[in-house]
Amino acid sequence: MNPIIIHTDGSCETQTRLGGWAAVLQCGEHQRVLQGSASDTTVNAMELTAVIEALKALKQAGSSVQLFSDSNYVVRGVNEVAIRLVETRLEERTRRTGRQS
């Protein structure tokens, strides 16, 4: 099965705090574009919203996903924070059950 490739971006005008986000999901020949906007927001919120909405749009659990973002905030969040969160939850599960999964 082809991986789902996701490209995301978000932006915000600092003075008006009006922002927008977009995500393009591609799988083989299929493509879907998502977009939205918000008021009283920040660029980081818009960058995260693009990723969250793209992941929410996935229809099949366990799909292979490649995520591309120009946001260091998002990249660090996915590559560092999310991985630590998963590791912590696995450790907690191991302590509760007394075995490794």
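The values are calculated or read from the model by the stated rules, or taken from the named source; none is laboratory data. Note that the structure is a prediction, hence the values are computed from the model and not measured. Heads up, the Cβs are rebuilt from the backbone with ideal geometry, glycines too, and the neighbour counts pull from every protein chain shown. The protein model used for the area step is the full one, side chains on, heavy atoms only, and it has no ligands, DNA or RNA in it. Shrake-Rupley method; radii C 1.70, N 1.55, O 1.52, S 1.80 Å.
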*For the chain, with all protein chains present and a 1.4 Å probe, just round the carbon and sulfur fraction of the accessible area to a whole percent.*
51
*What trypsin sites (Lys or Arg not before Pro) in segment 1-81 are in a loop by DSSP, with at most 15 other Cβ atoms within 10 Å of the Cβ?*
17, 59
*What percentages, rounded to whole numbers, describe P(r) for segment 13-88 computed over all alpha carbon pairs with 10 Å bin width beginning at zero?*
16, 44, 31, 8, 0
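For segment 11-55, what class follows from the C-alpha gyration tensor (a ≥ b ≥ c being the square roots of its eigenvalues): rounded when a/c is under 1.5, otherwise prolate if a/b is larger than b/c, else oblate?
Values: a/c = 3.75, a/b = 2.82, b/c = 1.33.
Prolate.
How would 29, 91, 53 line up by accessible area, probe 1.4 Å, largest first? Could you put the intermediate results ahead of the total?
Numbers: 29 180, 91 105, 53 60 Å².
Sorted descending by solvent-accessible area, the residues read 29, 91, 53.
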*In the Gaussian network model of the chain, springs joining C-alpha atoms below 10 Å, which of 61, 23, 45 carries the largest mean-square fluctuation?*
61
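So, R0 is 41 Å and r is the distance between the beta-carbons of residue 66 and residue 97; what FRET efficiency does that work out to, to 0.05? List each step's numbers first, then the result.
Numbers: r = 32 Å, r/R0 = 0.79.
Using R0 = 41 Å, I get an efficiency of 0.80.
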_How big is the dipole moment of the chain about its Cα centre under a simple scheme where the beta carbon of each Lys and Arg is +1, that of each Asp and Glu is -1, and everything else is neutral? Debye, nearest 20, please._
620
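On average, how much accessible surface per residue is there in the chain, in Å², for a 1.4 Å probe, leaving out ligands, DNA and RNA? Write out the running numbers ahead of the final one.
Details: 7500 Å² over 101 residues.
Per residue, the chain has 74 Å² of solvent-accessible surface.
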*Report, in degrees rounded to the nearest 10, the 0 to 90 angle that the Cα long axis of helix 43-56 makes with the longest principal axis of the chain.*
60
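With all protein chains present and a 1.4 Å probe, how do 63, 11 order by accessible area, largest first?
Numbers: 63 30, 11 65 Å².
Reading off the accessible areas and sorting them downward yields 11, 63.
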_Using Cα springs under 10 Å in a Gaussian network model of the chain, which residue among 62, 20, 77 shows the largest mean-square fluctuation?_
62
